[in-house]
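The values are calculated or read from the model by the stated rules, or taken from the named source; none is laboratory data. Keep in mind that what you see is a predicted model, and the values were worked out from it rather than measured. Cβ sites come from the backbone with ideal geometry, for glycine too, and all protein chains shown count toward neighbours.
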């Protein structure tokens, strides 16, 4: 897989992780503060857990591919825990150039097939 495709996948999973957090928090609200029951938690709990594991695994793969420092890698992993922190981390690594999202330009005189 091309690095920039991997990077875009990382962004998508970071966003999905944050959205699954939102779903889980809404489900917990309905479970504990209303009579609606725990359906939201039963749905979003496992969904969030799976996306969380995917985010952590993908963060390690991207960290190696992008040669992130130990500090940046640790920050990626720590940001998987608080709600919505994956969004802030993804924006930071993109803005600072640690996560390039575009395809590299071809060298001059090289044809693409």
When region 51-74 is examined, which residues are found to be free of Cβ contacts under 8 Å to residues at least 12 places away in the same chain, over 12 Å from the mean Cα position of the chain (by Cα) and assigned to a helix (DSSP H, G or I)? 64, 70, 71, 74
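Which of the residues spanning region 8-36 are surrounded by fewer than 13 Cβ atoms within 10 Å (Cβ to Cβ) and modelled with pLDDT of 95 or more?
From region 8-36, those surrounded by fewer than 13 Cβ atoms within 10 Å (Cβ to Cβ) are 12, 32-36; that's our starting set.
The answer is 12, and nothing else.
Take residue 5 and decide whether it is out of contact with any helix residue (DSSP H, G or I) (no Cβ under 9 Å at 6 or more places or on another chain), part of a helix (DSSP H, G or I) and either surrounded by fewer than 14 Cβ atoms within 10 Å (Cβ to Cβ) or modelled with pLDDT of 95 or more (or both). Talk me through it step by step, then tell me what you get.
On the way: out of contact with any helix residue (DSSP H, G or I) (no Cβ under 9 Å at 6 or more places or on another chain): yes; part of a helix (DSSP H, G or I): yes; either surrounded by fewer than 14 Cβ atoms within 10 Å (Cβ to Cβ) or modelled with pLDDT of 95 or more (or both): yes.
In short, yes.
Among the residues of region 45-75, which ones are farther than 30 Å from residue 95 by Cα and either surrounded by 15 or more Cβ atoms within 10 Å (Cβ to Cβ) or modelled with pLDDT under 95 (or both)? Give the steps one after another, and end with the answer.
Narrowing region 45-75 to residues farther than 30 Å from residue 95 by Cα: 45-46.
Selection gives 45 alone.
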Regarding residue 39, is this residue within 17 Å of residue 10 (Cα to Cα), out of contact with any strand residue (DSSP E or B) (no Cβ under 9 Å at 6 or more places or on another chain) and either modelled with pLDDT of 95 or more or surrounded by fewer than 13 Cβ atoms within 10 Å (Cβ to Cβ) (or both)? no
